[in-house]
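The values are calculated or read from the model by the stated rules, or taken from the named source; none is laboratory data. This is a predicted model, so every value here is computed, not measured. Here Cβ is always computed from backbone atoms with ideal geometry, including for glycine, and neighbour counts include all displayed protein chains. Note: accessible area is taken over every heavy atom of the protein model, side chains too, but ligands, DNA and RNA are not part of it. Shrake-Rupley method; radii C 1.70, N 1.55, O 1.52, S 1.80 Å.
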Amino acid sequence: MEKKIAVIRGDGIGPEIVGEAMKVLTAIAGKYSHKFIFEDVDMGGCAIDKWGDPLPEHMLKKCLESDSVLLGAVGGKKWDSVPGDKRPEKGLLRLRAGMEVYSNNRPAKIWDVLSEASPLKRETVKKGIDFIIVRELIGGIYFGEHKTVDENGEKKAVDVLSYTESEIRRIGKIGFETARKRRKKLCSVEKSNVLDSSRLWKSVMHSLAEEYPDVELSDMLVDNCAMQIVKDPSQFDVIVTENMFGDILSDEASMITGSIGMIPSSSLGATSRGLYEPIHGSAPDIAGTDAANPIGTILSAAMMLRYSFDMEREADDIECAVGRVLEAGYRTRDIMPTSGGMNNTSDASDNSENSANSSLHLVGCRKMGELIVSEILGAR
Ligand code: NAD
């Protein structure tokens, strides 16, 4: 199969982590006789420096002409003072709007060997955490009318939450399709005991369920869901929910897995073309030190293969390779228990002998990428 992938390296650690994900994709292409054509796209701070615009039209066009987009991260102090409409993040918003992606999909998965990193009780983690939150991205209260008025001598603020049947239907379909590619369990989360928009949400989900008899649909109120995610996350496979609930629940879900550097995401719309990126930012504090964890980006590339290119085996191959490298004890600094966690910025090339835990090996971004490639090629 031949696929054109728009590659946005971006700023900070972006070029380092995307470089490793591209090596992994190239290894997969060789192993399974595919052809991935990479198209470099400038977006974010680097595009401001080069073009005076965080996402020039001709760069957006390259993305729209691709089969999918792989993004590192954008932003950094250097561009913090540029005018609002020229900020690096504007490029990202313009990209999402241009690609018409209306769902954001974030897996929450705990790798057995990293279970210590989770703040949850050991026995809870042991049951396994592996679910995805499918969040509606461009509707609901964030996009409704916002106003503050004077009424009877005091200020009153109003934020409108509305959803149409078609908006719910299209995100519901992504939920069902995602569940179909996993363990076939979909939990629709809403607040139907209070909100009209949630009652409509629930009824549309149930009518859609008739088109997906192979997927088991359940309903849950959002307050209960917030509790269940910390009490027994093993019960979930796919959660589908509206914009604000999804915003809050997906942050809660990423916290229980332990490391921000490990989590991929996808954003999808009506076509198979998606935007794939790790959930973290450009980490300027460690940029250029080879200390970044590339796994979130590598797993984003795996999601691209699974959800946009229908390459199940290839995606499984990447995920298993990541698992085996972790099982063999290789860690970047952010997931090394003895390293002091995310904010430690000392040189990642310090070797494992310095670590208190001799069964673990501290590696940099490049080495982690190389190890995963070797696993895929069966060369390690
Ligand atoms: P951040 O996610 O970049 O970093 C938070 C902390 O996590 C830092 O200590 C960083 O070193 C660490 N970290 C992040 N990713 C890591 C990885 N892969 N490996 C190891 N450690 C990692 O968040 P921030 O510091 O608040 O933001 C930095 C910049 O990134 C800002 O300019 C922000 O606007 C931008 N940002 C961009 C995106 C995006 O491009 N989608 C998302 C969030 C933030």
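Quick check: anything in region 157-180 touching a helix residue (DSSP H, G or I) at 6+ places or on another chain (Cβ under 8 Å), small (Gly, Ala, Ser) and within 22 Å of Arg94 (Cβ to Cβ)? Checking region 157-180: not a single residue is touching a helix residue (DSSP H, G or I) at 6+ places or on another chain (Cβ under 8 Å), small (Gly, Ala, Ser) and within 22 Å of Arg94 (Cβ to Cβ). Number of residues in region 114-170 that are of a type in the set (Asp, Glu) and either over 22 Å from the mean Cα position of the chain (by Cα) or farther than 30 Å from Arg183 by Cβ (or both): the value is 7. Under the condition of being more than 9 Å from the ligand (Cβ to nearest atom) and hydroxyl-bearing (Ser, Thr, Tyr), which residue from region 251-264 is surrounded by the fewest Cβ atoms within 10 Å (Cβ to Cβ)? Once the filter is applied, the top-ranked residue is Ser254.
Give the number of residues within region 275-298 that are buried (at least 24 other Cβ atoms within 10 Å of the Cβ) and either more than 10 Å from the ligand (Cβ to nearest atom) or of a type in the set (A, V, I, L, M, F, W, C) (or both). So the count comes out to 8.
Here Ile248 meets the list (1) over 15 Å from the mean Cα position of the chain (by Cα); (2) more than 16 Å from the ligand (Cβ to nearest atom); (3) surrounded by fewer than 21 Cβ atoms within 10 Å (Cβ to Cβ) almost entirely, failing just condition (1). Only a single item in (1) in the same structural domain as Leu326 (by TED's automatic domain parsing); (2) modelled with pLDDT of 90 or more is not met by Glu89, and it is number (2). Each residue in region 70-102 was checked for being more than 16 Å from the ligand (Cβ to nearest atom) and open to solvent by less than 30 Å² (accessible area, probe 1.4 Å), and 1 pass.
As a summary of the residue check, Ala108 satisfies the conditions (1) in a strand (DSSP E or B); (2) within 15 Å of the ligand (Cβ to nearest atom) except for the one numbered (2).
Beta carbons closer than 8 Å, at least 6 apart along the sequence or on distinct chains, pair a first residue in region 279-303 that is within 23 Å of Asp67 (Cβ to Cβ) with a second that is part of a helix (DSSP H, G or I) and open to solvent by 40 Å² or more (accessible area, probe 1.4 Å) for Ile279/Ile260; Pro294/Glu16; Gly296/Ile260; Leu299/Glu319; Ala302/Glu319. As a summary of the residue check, Leu360 satisfies the conditions (1) under 18 Å from the mean Cα position of the chain (by Cα); (2) modelled with pLDDT under 95 except for the one numbered (1). For Thr148, indicate whether it is within 30 Å of Leu93 (Cβ to Cβ) and of a type in the set (S, T, N, Q). When the stated conditions are applied, Thr148 passes them.
When region 49-69 is filtered for residues that are farther than 22 Å from Ile5 by Cα and within 16 Å of the ligand (Cβ to nearest atom), only Asp49 remains. When Asp237 is tested against (1) touching a residue at least 12 places away in the same chain (Cβ under 8 Å); (2) open to solvent by 10 Å² or more (accessible area, probe 1.4 Å); (3) of a type in the set (D, E, K, R), only condition (2) is not met.
In region 204-306, counting only strands (runs of 3 or more DSSP E) that sit wholly within it, the ones holding 1 or more residues that are in the same structural domain as Gly139 (by TED's automatic domain parsing) span 216-221, 238-241. Residue under question is Lys109, and the condition is that it be more than 20 Å from Asp251 (Cβ to Cβ), surrounded by 12 or more Cβ atoms within 10 Å (Cβ to Cβ) and modelled with pLDDT under 95; does it hold? For Lys109, the condition - more than 20 Å from Asp251 (Cβ to Cβ), surrounded by 12 or more Cβ atoms within 10 Å (Cβ to Cβ) and modelled with pLDDT under 95 - is not met. Filtering region 40-64 to residues that are in contact with an Asp or Glu (Cβ under 8 Å, 6 or more places away or on another chain) and farther than 22 Å from Lys78 by Cα leaves only Lys62.
Name the residues in region 1-27 that are of a type in the set (A, V, I, L, M) and within 16 Å of the ligand (Cβ to nearest atom), would you? Selection gives Ala6, Val7, Ile8, Ile13, Ile17, Val18, Ala21, Met22, Val24.
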